[in-house]
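Okay, structure first, notes after.
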Amino acid sequence: MPRRIAMLAFDGISAFHLAVPHAVFGEDWSAQGLPPCELVVCAEEPGRVRSSMGFELAAAQGLSALVEADWVIVPSWPDVEQPASPALIEALQEAHRRGRTLIGLCLGAFGLADAGLLDGRRATTHWGWAPVFARRFPRVTLDPQVLYVDHGDVVTSAGTAAGLDCCLHLLRRELGAELANRVARRLVTPPHRQGSQAQYVEQPAPANSGSDRVARTMQWCLGRLDEKLSLDRLAEHAAMSRRTFTRRFQRATGLSVVQWLTAQRLQLARRLLETGEAPVEQVAAQAGFGTALSLRLAFAKELNTTPGQYRREFGFQRVALD
């Protein structure tokens with residue numbers, strides 16, 4: 001866990017974008033077993049910064065705080081058409097050269113891209129400004145469909161609530177699932193959403209009995225992930241035709257049935273690996289993958305790791321030792 005986190009502020013910044021990382025990293029979570037962390041707010045020029053709501057906050061430190069911190073968070077961006085200043089670019093690049101972790105939440109990805117830190121890499125940002133991002137930064141592989149992208153040293157997230165998902169993911173990455181889940185419970189938010197989950201569904205599910213049946217079927221599936229859940233079986237449970245169920249499911253989740261089931265099974269497998277000591281073969285069966293090979297292939301494709309390595313990094317024993 002970083003000892004010191006620097007967060008960049010500027011005139012007109014949304015209070016929400018400042019509050020999200022502060023809620024995860026800036027609070028005293030010692031009662032939940034988390035080590036202390038100092039979060040400082042800095043600006044290009046130290047002094048008073050006016051938020052978009054009109055109130056002011058103190059940015060006591062300048063850009064040197066970015067270089068001195070363990071993590072650097074750019075929580076938003078003032079103008080997507082306005083490049084970062086040379087001084088800010090230099091500070092971000094220097095922080096990266098020194099091995100700091102740089103995190104661009106929402107439009108904060110624009111700042112990291114201005115500094116060249118995303119060139120040749122996959123990144124994301126708020127879907128609404130994705131066309132501008134793609135035009136300005138053709139060397140970046142933009143994926144506007146996901147919640148966040150973590151390269152280890154550089155992290156980007158989609159907009160608004162996805163910033164909270166990203167911060168909880170980072171907490172999970174550093175301290176393991178159990179401690180991150182404790183913080184999520186205190187914040188009354190789901191403990192983990194996959195970074196690959198769609199950030200935006202163009203057409204929300206209609207509030208009618210059809211969508212209710214889809215929701216009930218999804219809940220029904222969660223208690224049967226170890227079973228064979230074919231599209232026909234799900235459509236039958238929802239009392240719909242395959243075609244109607246597929247269309248309404250896609251509209252409600254932004255995912256295909258197979259994508260959603262795989263994501264839920266991966267989440268269950270991760271939880272089993274994090275909190276128990278069952279063999280990988282047993283985890284694969286309980287999570288609905290059938291065989292250990294299928295589970296390993298899913299972990300390699302979606303998480304770029306193996307079940308064994310994941311357990312070593314995030315398992316209960318690691319959390320208990322920390």
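The values are calculated or read from the model by the stated rules, or taken from the named source; none is laboratory data. The model shown is predicted, which means the values in this text are computed figures rather than measured ones. Every residue, glycine among them, receives a Cβ derived from its backbone with ideal geometry; neighbour counts consider all protein chains shown. For accessibility, only protein heavy atoms count, side chains too; no ligands or nucleic acids. Shrake-Rupley method; radii C 1.70, N 1.55, O 1.52, S 1.80 Å.
How about segment 271-291: which of its residues are in a helix (DSSP H, G or I) and either over 28 Å from Leu175 (Cβ atoms) or open to solvent by 20 Å² or more (accessible area, probe 1.4 Å) (or both)?
Once the filter is applied, which keeps residues that are in a helix (DSSP H, G or I) and either over 28 Å from Leu175 (Cβ atoms) or open to solvent by 20 Å² or more (accessible area, probe 1.4 Å) (or both), segment 271-291 yields Arg271, Leu272, Thr275, Val280, Glu281, Gln282, Ala285, Gln286.
For segment 24-39, the condition of being within 22 Å of Ala177 (Cα to Cα), modelled with pLDDT under 90 and more than 24 Å from the chain's Cα centre (by Cα) holds for at least one residue. Out of Val155, Val132, one residue alone is out of contact with any Pro (no Cβ under 8 Å at 6 or more places or on another chain), of a type in the set (Val, Ile, Thr), within 22 Å of Ala43 (Cβ to Cβ) and not in a loop (DSSP other than H, G, I, E, B). It is Val155. Filter segment 145-179 for residues that are among the polar types (S, T, N, Q) and surrounded by fewer than 20 Cβ atoms within 10 Å (Cβ to Cβ); which is farthest from Arg4 (Cα to Cα)? Checked segment 145-179; the qualifying residue farthest from Arg4 (Cα to Cα) is Gln145.
Tell me yes or no: at least one residue of segment 183-192 is modelled with pLDDT under 90 and open to solvent by less than 10 Å² (accessible area, probe 1.4 Å). There is at least one residue in segment 183-192 that is modelled with pLDDT under 90 and open to solvent by less than 10 Å² (accessible area, probe 1.4 Å). The residue of segment 92-104 that is farthest from Pro46 (Cα to Cα), among those that are assigned to a helix (DSSP H, G or I) and open to solvent by less than 10 Å² (accessible area, probe 1.4 Å), is Ala95. For Gly116, the conditions (1) of a type outside the set (S, T, N, Q); (2) without any contact (Cβ under 8 Å) to a residue 60 or more places away in the chain; (3) touching a strand residue (DSSP E or B) at 6+ places or on another chain (Cβ under 6 Å); (4) within 20 Å of Ala91 (Cα to Cα) all hold with the exception of (3). Only residues that are outside any helix (DSSP H, G or I) and surrounded by 15 or more Cβ atoms within 10 Å (Cβ to Cβ) were counted across segment 238-270, and they come to 4. Ala235 fulfils the conditions (1) within 24 Å of Val149 (Cβ to Cβ); (2) open to solvent by less than 60 Å² (accessible area, probe 1.4 Å); (3) in contact with a helix residue (DSSP H, G or I) (Cβ under 8 Å, 6 or more places away or on another chain) except for a single criterion, (1). Here Asp119 fulfils each of the conditions (1) in a helix (DSSP H, G or I); (2) out of contact with any helix residue (DSSP H, G or I) (no Cβ under 7 Å at 6 or more places or on another chain); (3) more than 22 Å from Leu18 (Cα to Cα); (4) not polar (S, T, N, Q) apart from (1).
The one condition from (1) open to solvent by less than 10 Å² (accessible area, probe 1.4 Å); (2) in contact with an Asp or Glu (Cβ under 8 Å, 6 or more places away or on another chain) that Pro78 does not meet is (1).
Would you please name the residue that is modelled with the lowest pLDDT, looking only at residues in segment 277-322 that are among the hydrophobic types (A, V, I, L, M, F, W, C) and farther than 25 Å from Arg224 by Cβ? Per the stated criteria, the residue is Leu321. What residue, among those in segment 1-52 that are of a type in the set (Lys, Arg) and either in contact (Cβ under 8 Å) with a residue 40 or more places away in the chain or not in a strand (DSSP E or B) (or both), is most open to solvent (accessible area, probe 1.4 Å)? Checking each candidate, the answer is Arg3. Can you tell me which residue among Leu107, Leu142, Leu66, Leu118 is farther than 26 Å from Glu38 by Cα, crowded, with 23+ Cβ neighbours inside 10 Å and hydrophobic (A, V, I, L, M, F, W, C)? None of the others qualify; the one that does is Leu118.
Conditions (1) under 23 Å from Tyr310 (Cβ atoms); (2) modelled with pLDDT of 90 or more, marked per residue:
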position: Tyr200; (1), (2): no, no
position: Ala215; (1), (2): no, no
position: Gly223; (1), (2): no, yes
position: Ala235; (1), (2): no, yes
position: Val258; (1), (2): yes, yes
position: Thr262; (1), (2): yes, yes
position: Arg265; (1), (2): yes, yes
position: Leu272; (1), (2): yes, yes
